[in-house]
1. Please sort B:68-76, B:169-177, A:268-276, A:22-30 by packing, taking for each peptide the average over its residues of neighbouring beta carbons within 10 angstrom, highest first.
2. Just tell me how shielded B:313-323 is by partners: mean number of partner chain Cβ atoms within 10 Å of each residue's Cβ, no decimals.
3. Could you line up B:TRP278, B:TRP28, A:TRP254 from fewest to most neighbouring Cβ atoms inside 10 Å?
4. So, counting K/R as plus one and D/E as minus one, what does the shell of residues with Cβ under 13 Å around B:PRO52 add up to?
5. Using the Cα gyration tensor of segment A:129-240, with a ≥ b ≥ c the square roots of its eigenvalues, what is the shape: rounded (a/c below 1.5), prolate (a/b larger than b/c) or oblate (neither)?
6. Using +1 at the C-beta of Lys and Arg and -1 at the C-beta of Asp and Glu, which of B:ALA230, B:VAL154, B:ILE57 has the Cα lying farthest in the positive direction of the dipole of segment B:49-258?
7. Once amide H atoms are built 1.01 Å from N in the peptide plane, which residues 5 or more positions from A:VAL214, or in another chain, come under 5 Å H to H?
8. With each label point set 7 Å from Cα along the Cα-Cβ vector, what nm distance links A:ARG212 and A:SER118?
Amino acid sequence: MTGFLQHTFDGLVNGAFYALLALGLAVIFGMLRVVNFAHGAFYMLGAMGAYVLLAELGVPFWWALVIMPVVLGVLGMALERAFVHRLAQLDPLYNFLLTFGLTLILQDLVKSRYGVQSIPYAPPAELNGSVDFGLFDFPTYRVFVLVFAVAICVGVWWLLTHSRVGMVVRAATERPELTRAFGINVGRWVTPVFGFGIALAGLAGVLAAPMRAVNPLMGSDLIIVVFAVVVIGGLGSIFGSVAAGFGIGLIQAWGVVYLADWPILSQTLVFIVMAAVLMWRPAGLFGREEAPA
Amino acid sequence: MTTVVDSEPGAKPGPARSGLVAVARAPWWLRYALLAVGLGVALWLPNSLYPPVAVDILCWALFAVSVDLLLGFTGLMSFGHAAFWGTSAYVAGIVATKAGLPFPVAVLIGAVAAAVLAVPIGYLAVKRTGIYFAMVTLAFAQMIYYVANKWSTVTGGENGLPSVPRELGGLDLSDEYYFYYAALPIALLGLWAAWRIVNSPFGRVLVGIRDNPARARALGYPVHRYKLTAFVLSAFLAGLGGGLFVMNHESVALDALHWTTSGKAVIVVVLGGIGTLWGGVIGAAFLVRLEDWLSFSGFEQIGLVTGAIFVLAVLLFRKGIWGTVATLAQRRMARRRQSDS
């Protein structure tokens, strides 16, 4: 039982990263209809940035947690204006390809400067040690990640449902033409929303730095799993993406333990779940059927 | 007829229509002349290039054409074709090593294995279209990657399969120069098959589905089944390329299944021209030559260069090499026809 609770907790922490990344992807997709392939690269930049800030400028973790999302958000907005925007009128596949190219560039740029070796990054002193939950201990830093990620997800959800900006974004996501017809300038929100999604990826990256191997390829395979997560949750649905993120984190954590004898199966669980979802609910668990093509 | 597909919102990628029409409208002598030039270049290639690089071009040409069959002629962007390229690579490698079969047979078995794998993946993937199709194929390809990585007793895991034999009825194919000419017929057969598919009634239906799936369905075509068939045929062609690639390098690397390989195949198609079929061959020649030159000159950040070229191509050069040439030629012909009348 103790073991089970511990694995569950581990799964939720891993799921928190999926959820943050999927949330950013879903917000961007909702507003721009763009699937950002470079999301994993921005996650990596967040972690690498935190490392560079600490190692070369002596900036501690807490500041990195603020600085990196802002810096990457601004970078994201610049990229949106410079590139993504130019392809907005075309098939969304072109922007998928564009961000794929950007991913290759960003990864190789970082690789050429810092190599491919994983870099250690110590968690902040305040979060060292572990929390006693009675039945088991859990590292304080991981507890913090889980609480923080849940707070961010709830915060974004609250913004979307209770603020005027959120109302515009939701309306523009669901019925762009109609929203425009009401005289709302939808285009004005495109760039900030793109930057916001990127900032979330950067935030996830900073959070990952103290507990995962920091290297230029850390986002490379992760992003594919996150794609599977948003297919499972339904990319159009913000709630679905977050829920699927935590759910897949849990399933993977349990899989690693209870299917330890079948490593092939436990490694590919997320894709098996995706296949099952495609069988029975092609639009995703929380997604709505697309308009017939 | 409108040729500027690019400007329509929500248009399918690429100048597919104009490319297809340009081929159909080129005068017969031009088509035969181009074919003769193409065959001439193919026969001459290992004399002017390092032969293994020439074989790589053949393999990537098959791979690119297989991707374009879906992207340009069916309107489906597979971002997971490494699954078929790589599966065929492993199966061909294993069959050649364990059973000592002649290499064309091993390549054929590999391609069949790729096609078999494409049935379940395609069945699930064609339930979605557009960007979702790309993400689903990408995810399934990653699944195959993990399987190959973990199933190390069969695949060698991270190390791949070293020393795959290259056997053909006692002929000595150790010299890369002669191997090129042994591989060329297989590649040409594959390319010819792609051309036949595109120009068959079946291919016409695919183009119809690409341009207007709702109408195709209304006319009574089972759209899903057509897409699935195209997917399986495409996987077979990608498998031919992957199998030959293994025989060329006499080893299999796990890289063959990674998503960067899938992405590179799409890059090659975009560079050559989506929906032009032969554009993929040009794009393959360009990218393979470029990467060979970069690694030869000791440049390590190959991804930086390919990524930058790709970003520029998507932003500024969406018709690709073949597409641009075809559009220019078409415009010229139209002008001449006008001045004639």
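1. Ranked from most to least packed, the peptides come out as B:68-76, A:22-30, A:268-276, B:169-177.
2. On the way: counts 3, 14, 7, 1, 0, 4, 0, 0, 0, 0, 0.
That average works out to 3.
3. If I rank by nearby Cβ atoms, fewest first, I get B:TRP28, A:TRP254, B:TRP278.
4. The answer is -4.
5. Because a/c hits 1.5 or more and a/b exceeds b/c, segment A:129-240 counts as prolate.
6. B:ALA230
7. Excluding prolines and chain starts, which carry no amide H, the hits are A:ILE119.
8. Modelled inter-label distance: 1.1 nm.
Rule-based calculations on the coordinates, nothing more; no lab input. On a predicted model such as this, the values are computed, not experimentally measured, just so you know. Using ideal geometry, Cβ is built from the backbone for each residue, glycine included, and neighbour counts are taken over all protein chains shown.
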